[in-house]
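J.: For reference, the structure I am asking about is given below.
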Amino acid sequence: MQPIGADEAAPSAVPLTVQQVPTARRRRLPGLPLWLRLLLSNPKSRMGLMIVFGMFAVGVLAPWLATHDPTAYSLLDAKQSPSWNHFFGTTDQGTDIWSQVVWGTRNSLFLGFAAATLATVLAATLGILAAYCGGWVDDLINFATNVFLVIPTIPLLIVTSSYLKSRGSLSMVLILGLTLWAFEARILRAQALTLRNRDFILAARVAGEPTWRIVVYELMPNMISRIAAAFVLVFYISLLTAAGLQFLGLGDMNSQSWGVTLYWAQVNSAVLQGEWWPFLFPGVALALTVLGLVLILAGLDEVSNPRLRKPPKQGRGMISGLFLGHGRAK
Amino acid sequence: MRWLLRRCCFYVFALWVAVTLNFLLPRLMPGDPAGGMLARMSSAQIASNPGIIETYRRMLGGGDQSLLEAYFSYLGQIGRLDFGISTSNYPTNVSEVIGRTLPYSIFLVGVAFILAFVIGTTIGMVAAWRRGGTVDNVVVPTMLALGAFPAFFTSLVAVYFFGLKLGWFPLQHAYDTELTPGFNYAFLESAFRHAQLPIIVITLAFAGGWVLNMRTVMINTIEEDYVAMAEAKGLPDRRVMTRYAGRNAILPPLNGFAAQFAGAVGGLVFIEFVFSYPGAGFTLQQAALGSDYPLTQGLLLVFAVCVIVANFVMDLLNVVLDPRVRTA
């Protein structure tokens, strides 16, 4: 390979996804970034994006949407079923569940998002480093990842958080991020491995670019869509895990979040007393958000892997227009 | 054979990491867990157990030993399976508490996980074989939606509807509280009746993952030449699906078993908490809330061992199912 000719190969590495945009769609949604247009053109991820953005909007607007102080005890109003005064009813202590769920949306999403960001930064760094460097670096990181995958996450988190003196948001973000990176690192390492021996990387190496530059300017831009997909996956898992820890009474119990509301419902045995509202509403909020994220992931999968889409025979006619890659040979 | 040996070495190392994490965590955390625990015990309890202060110092740190010294005496103690005395079940030993609660959990998660695997992969296989059929269009989305819901939420809803409103299943506990555990018909029947709903919930929660994995791999496998060849030979449809496409497609999902099982062990904690089921998961939650550190340490180690053993069994199964592993 000649160094001079190889140098010019690098800029020609265009992300694959560009070719998949159908021209009709591109014209109809101008001004939006490419990745968003792609996601919006798939019915699953469009639905998912709508749900998730809706939940984020609730979180942002929490101070205006909440009708009561979520911590205001009032034994006169205890155990009320949903009504116009209390949309989601009240708890055994008479606190307003609607306000708790609305404020909880803000805190739960923040906690999940922050923990997922930390986990993704760790996973992307370690995964890409392992794949690119190879050799003993790869062995070491891969080994550490596998060990972490064998130690069950939830029990580890339970034990760790039981040692914490105060379980504030920051410490919860830290322990969640530090336990959830492993499987994401594994995914990203596998994907970075497939890129490692592409021509443009070899070209950059032959041209004498330093390792950090190849990783940051050559590998990263081509990994961005995969990192984003892994982030959505970890976001969904950290949301569930954080809510689960709070449900067990091991989270930041002084704040408002879905898990905390669920914990009090369980401690007051709401279910056994036939009260469905203390656990249904926070649970549905969590399940809906998770469903939105799962739909985004499913859409992402279909956009990047044409084989998973509905077979063309099925979709011909009125539905076919909704699917990407229609009319194109598999 | 060499491959299995390497796996064994890996598992021993993973176990060592779990033990070391157990040792380091209380020492890295701010505060003094051992001091906090001793402060909660009455002076009579401390007086009646002469070695207890030393035991807790050894397990949780804060003594005057150096870190390395403390580490080796800790390893020795774990090697003798001595986790100390559980403060929330005083004066019972931690190993005794674990021995009492673990069988319930193993029963629950063992049955549910095997059911989830069998049902999930079968549905995934059939769905991919008949793309766009009833199974693919109705059953798969339902399973995925159920699997996406948090397990504790599904179980709360299940307790409310099937336990409280319809009265089909008992609401809580592992057996009727009047009965004493033992090998007699009344107890086993009661235990079985109480386990039904938790098992159904865990199965539904984890089948979704298998369905998705299996379907994805199967869709790719179907396009292989040997499947077309089998069809061309005129083999019965079902035989091609199970023996040709299915058997090959099942290997990649099997390799995701480690993460799935670790997840199931975690999900177990929530479901046992909802059902107040006296297994190891519920005990772990209670111990963590009550700062019963000897018990939480012991249970974390037990959970890690369970996942490692399950992984090892799956490795053995992999050797049976995939001839390529045997020669490697």
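The values are calculated or read from the model by the stated rules, or taken from the named source; none is laboratory data. Keep in mind it's a predicted model, so treat the numbers as computed, not measured. With ideal geometry, Cβ positions are generated from the backbone for all residues, glycine too; neighbour counts draw on all protein chains shown. The protein model used for the area step is the full one, side chains on, heavy atoms only, and it has no ligands, DNA or RNA in it. Shrake-Rupley method; radii C 1.70, N 1.55, O 1.52, S 1.80 Å.
J.: Let me confirm one metric for peptide A:284-296, namely the mean number of other chain beta-carbon atoms within 10 Å of its residues' beta-carbons. Show your work: numbers first, answer last.
T.: Numbers: counts 3, 0, 4, 7, 1, 0, 4, 4, 1, 1, 7, 2, 0.
If you average over the peptide's residues, the count of other-chain Cβ atoms is 3.
J.: Okay, next question. So how much accessible surface do A and B hide from each other in total, probe 1.4 Å, in square angstrom to the nearest 100? Spell out each step's value before the answer.
T.: Numbers: alone 17930 and 17490 Å², together 30720 Å².
Buried surface at the A/B interface: approximately 4700 Å².
J.: When only C-alpha pairs under 8 Å and at least 6 residues apart count, what is the relative contact order of the stretch B:163-304, in percent? All intermediate terms of the calculation are to be shown ahead of the outcome.
T.: Details: 101 pairs, mean separation 30.4, N = 142.
Taking the mean separation of contacting Cα pairs over the length of the stretch B:163-304, I get 21 percent.
J.: Any chance you could check the Cα centroid distance between the stretch B:1-17 and the stretch A:205-272 for me, in angstrom?
T.: After rounding, the separation between the Cα centres reads 30 Å.
J.: In peptide A:162-169, what is the residue-averaged number of other protein chain Cβ atoms found within 10 Å of each Cβ? Intermediate values should be presented prior to the final figure.
T.: Working: counts 14, 14, 3, 6, 2, 0, 0, 0.
Mean shielding by partner chains, rounded to a whole number: 5.
J.: Using DSSP H assignments, which helices in chain B have an axial alpha-carbon span of 27 Å or above and a mean Kyte-Doolittle hydropathy of -1.0 or higher?
T.: Working: long enough: B:2-28 (38 Å, 1.09); B:94-129 (50 Å, 1.65); B:185-222 (50 Å, 0.99); B:293-321 (42 Å, 1.93).
Passing helices, by number: B:2-28, B:94-129, B:185-222, B:293-321.
J.: Hey, what did chain B get for relative contact order, percent, Cα under 8 Å, at least 6 apart? Walk me through the numbers on the way to the answer.
T.: On the way: 359 pairs, mean separation 78.6, N = 328.
It rounds to 24 percent for chain B.
J.: Given a Förster distance of 45 Å, report the FRET efficiency between B:ALA232 and B:VAL139 from their Cβ-Cβ distance, rounded to the nearest 0.05.
T.: Details: r = 29 Å, r/R0 = 0.65.
So, using R0 = 45 Å, E works out to roughly 0.95.
J.: Shifting gears a bit: Taking 0.36 nm per intervening residue step and subtracting the Cα-Cα distance, what contour gain separates B:LEU317 from B:PHE72 on full extension? Each step should come with its number before you reach the end.
T.: Numbers: separation 245, 0.36 × 245 = 88.20 nm, distance 3.60 nm.
Gain on extension, B:LEU317 to B:PHE72, equals 84.6 nm.
J.: Residues with amide H under 5 Å of A:ASP96's amide H, sequence separation 5 or more or different chain, H placed in the peptide plane at 1.01 Å from N; which?
T.: Here A:ALA72 satisfy the definition.
J.: Using amide H atoms built 1.01 Å from N in the peptide plane, name the residues 5+ places from B:TYR175, or on other chains, whose amide H lies under 5 Å from its own.
T.: Amide H neighbours of B:TYR175, under 5 Å, 5+ apart: none.
J.: Shifting gears a bit: Using a probe of 1.4 angstrom, how much of the accessible area of the stretch A:115-243 is carbon and sulfur, in percent?
T.: Values: 3400 of 5090 Å².
The value for the stretch A:115-243 is 67 percent carbon and sulfur by accessible area.
J.: If each of B:ARG324 and A:ASN85 carries a label point 7 Å out from its Cα toward its Cβ, how far apart are those two points in nm?
T.: In this crude spin-label approximation the distance works out to 6.8 nm.
J.: For the stretch B:108-177, give the percent of accessible area contributed by carbon and sulfur heavy atoms, probe 1.4 Å, rounded to a whole number. Please report the intermediate quantities before stating the final value.
T.: Numbers: 2140 of 2990 Å².
Result for the stretch B:108-177: 71 percent of the exposed heavy-atom area is carbon or sulfur.
J.: What distance in nm separates the simple spin-label points at B:GLU224 and B:ILE114, each placed 7 Å from Cα in the Cβ direction?
T.: The two pseudo-label positions are separated by 2.7 nm.
J.: Shielding of A:269-277 by partners, i.e. mean partner chain Cβ atoms within 10 Å per residue? Kindly include the intermediate steps, with their values, before the conclusion.
T.: Numbers: counts 3, 2, 11, 7, 1, 3, 1, 6, 0.
Averaged over the peptide's residues, the number is 4.
J.: Another one. Can you tell me the relative contact order of the stretch A:179-315? Whole percent, Cα pairs under 8 Å, sequence separation 6 or more.
T.: Numbers: 85 pairs, mean separation 25.8, N = 137.
Relative contact order of the stretch A:179-315: 19 percent.
J.: Sort B:7-19, A:150-162 by packing, meaning the average of other beta carbons within 10 Å per residue, with the highest value first. Mind showing how you got there, number by number?
T.: Details: B:7-19: 15.9, A:150-162: 24.0.
By packing density, highest mean first, the sequence is A:150-162, B:7-19.
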